[in-house]
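The structure under discussion appears below in the form of structure tokens.
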Amino acid sequence: MDDFTAVMKIYHDAQDFMKIHGNPDQWGTFYPTDELVKSDIMKGTSYVCTEDDTVAAVFVFKSGPDATYVRIYDGAWLNEKEYGVVHRIASSHSVKGAAAFCIDWAFNQCGNIRIDTHADNIPMQQLLTKLGYTRCGIIHTFDGTDRFAYQKTK
């Protein structure tokens, strides 16, 4: 909770970054909410990446089944083994490679990660491809919108 203000600034800046880079709809101006971020923190699933006591990135990591990944369309997951998920990743852009570091850290926790992104989020799609993730199909989020689903496994 000590980093809440810095975390929310990163999320608000990420909303602006997405709009500038042709992705105005993924998070809009409302996601993630203060309440959701506080809930992530209280559950112990919210992580920050810091450098010199400054928050460089934020993300949610958790192990185990994720309701949004139960069904996949137009493809298939690489496997059905236990997996971890990364959600709501955002970088302050102050430290080069911070988002990649966070995603790699999550992968090293369990060796099988699922992650999704909006069709218009080209920077994230490029990062996931660079990090060795395979696009597996399409999932539907809690609000019914489509996301490209990716997975990486050992």
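The values are calculated or read from the model by the stated rules, or taken from the named source; none is laboratory data. Owing to the predicted nature of the structure, the values given are computational and were not obtained by experimental measurement. So basically every Cβ, Gly included, is an ideal-geometry build from the backbone, and we count neighbours across all protein chains shown. Only protein heavy atoms, including side chains, enter the accessible area calculation; ligands, DNA and RNA are left aside. Shrake-Rupley method; radii C 1.70, N 1.55, O 1.52, S 1.80 Å.
Please find, among Ala98, Ala76, Ala90, the residue that is at pLDDT 95 or above and touching a Cys at 6+ places or on another chain (Cβ under 6 Å).
Unique residue meeting the criteria: Ala98.
Residue count for the range 66-125 satisfying the condition of being more than 16 Å from the chain's Cα centre (by Cα), open to solvent by less than 30 Å² (accessible area, probe 1.4 Å) and among the small types (Gly, Ala, Ser): 1.
Just one of the listed residues (Asp40, Asp2, Asp25, Asp13) is open to solvent by less than 90 Å² (accessible area, probe 1.4 Å) and at pLDDT below 95, and it is Asp13. Screening Tyr47 with (1) surrounded by fewer than 16 Cβ atoms within 10 Å (Cβ to Cβ); (2) within 14 Å of the chain's Cα centre (by Cα) gives one miss only, at (1).
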